[in-house]
Amino acid sequence: MEKKEIVLSGIRATGNLHLGNYFGALRNFVKMQNDYDCRFFIADLHALTTNPDPADLHVNVKNIVTEYLAAGIDPEKATIFVQSDVPEISELYLLLNMHVGIGELMRTASFKDKARKALGIKTDSSTPTSPEDDNIEKEIIGSDSNKRVNAGLLTYPTLMAVDILIQKANKVPVGKDQEQHLELTRRFARRFNSFYKTDLFPEPENYTFGAAAVKVPGLDGSGKMGKSEGNCIYLIDEDKVLRKKVMRAMTDEGPKEPNSPVSLPVQNLFSLMELTSAPEVVEQFKNAYADCSIRYGDLKKQLAEDILAITRPIREHIIELRNNDEYIGRVLRQGAERARYYAAETLREAREVMGIRKFY
């Protein structure tokens, strides 16, 4: 039997999944689980970098598990596990950090951005670099106890690398904001292999699902849908809540002349419609925009109903699963056993080549 390539993906336990997660990842995960050895995890250790409330963290993990399952991920085909249920990850995280430089971690774009936020440093998001780039180390060292950058945030790329390398993943679906971290993972793998003269860690590739990445816009007229932006439609949103969100979505004053350029807020709504509505419906509203007869209220009502046709069955399944703790426990126990089986072997090999061996 031909060995399947390993695909790994994780999501931080910081809240419910939204329409962007569904179209950008989940829908593809469901297709992939038949052709690849898929391992999907909930990154509760990564979530600790923001010091979440313990009760919230526990609930968030459960929510994401149920949303994975409700969206169609089959635990008999794919491995679903919680990051902290695999303690081997934490040990390899420590070992790999011995081959990671502080400087290369501090130069990552995500660390700089998150460090500035932690320290309350305002930046101009319209420019690619900022004057604080050269002073971020001084700002961190000189920060008071109320504004600190934790070490977990700095070594976040190492932990992400370990998540991937400990499962010997071949492919990792990541967005543009995570590409630098994936490149660091490849670098760390090469460095470790070279130093110990081994081929233990394969260098993972970004998996793009064989097509251009899907960008799901938010409801605020700009950017992509994201939890931190407050512009999301969540898979768990009730009908009334979802309709209200869509009806409040930003638009413009409407076209003044035939065939006017489409403004960004309206284009965002068309983009959502292209993902959720029938092609003839999209064409109808685009033609209405072109001839200045469009009514945004009608467009939003149609869009809301088309989105609900996708999310309502998922939401109903989520609610059903959340009341079945026995099943969730069984899925996660089974996933942890699978994930630990592979992780334990990788850790054993890493310890061996590093000279960490028992005398008894």
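Points to keep in mind about this one:
- Screening ASP74 with (1) closer than 18 Å to ARG333 by Cα; (2) open to solvent by 20 Å² or more (accessible area, probe 1.4 Å); (3) part of a helix (DSSP H, G or I) gives one miss only, at (3).
- Verdict on LEU94 being open to solvent by less than 40 Å² (accessible area, probe 1.4 Å), modelled with pLDDT of 90 or more and either of a type outside the set (S, T, N, Q) or not in a loop (DSSP other than H, G, I, E, B) (or both): no
- Candidate set from the range 300-347 (those that are small (Gly, Ala, Ser) and open to solvent by less than 30 Å² (accessible area, probe 1.4 Å)); member that is farthest from ARG39 (Cα to Cα): ALA304
- Of all residues in the range 1-31 being hydroxyl-bearing (Ser, Thr, Tyr) and outside any strand (DSSP E or B), the one that is surrounded by the most Cβ atoms within 10 Å (Cβ to Cβ): TYR22
- Residues of the range 47-62 satisfying the condition of being within 21 Å of MET225 (Cβ to Cβ) and either small (Gly, Ala, Ser) or buried (at least 20 other Cβ atoms within 10 Å of the Cβ) (or both): ALA47, ASN60
- Taken over the range 182-200, residues that are part of a loop (DSSP other than H, G, I, E, B) and either surrounded by 13 or more Cβ atoms within 10 Å (Cβ to Cβ) or touching a His at 6+ places or on another chain (Cβ under 9 Å) (or both) amount to 2.
- Checking each residue of the range 166-175 against the condition of being at pLDDT 90 or above, polar (S, T, N, Q), open to solvent by less than 20 Å² (accessible area, probe 1.4 Å) and part of a loop (DSSP other than H, G, I, E, B) gives at least one match.
- Residues (open to solvent by 60 Å² or more (accessible area, probe 1.4 Å), on the phi < 0 side of the Ramachandran plot and within 25 Å of the chain's Cα centre (by Cα)) located in the range 228-242: SER228, GLU229, GLU238, VAL241
- Residue satisfying condition, being part of a helix (DSSP H, G or I), within 20 Å of ARG39 (Cα to Cα) and open to solvent by 30 Å² or more (accessible area, probe 1.4 Å), within set GLU179, GLU203: GLU179
- Here the range 243-295 is the region considered, the condition is being part of a loop (DSSP other than H, G, I, E, B) and of a type in the set (A, V, I, L, M), and the residue that is most open to solvent (accessible area, probe 1.4 Å) is MET250.
The values are calculated or read from the model by the stated rules, or taken from the named source; none is laboratory data. These figures come from a predicted structure and were not determined experimentally. Cβ atoms come from the backbone with ideal geometry, glycine included; neighbour counts cover every protein chain shown. Calculation scope for accessible area: heavy atoms of the full protein, side chains included, ligands and nucleic acids excluded. Shrake-Rupley method; radii C 1.70, N 1.55, O 1.52, S 1.80 Å.
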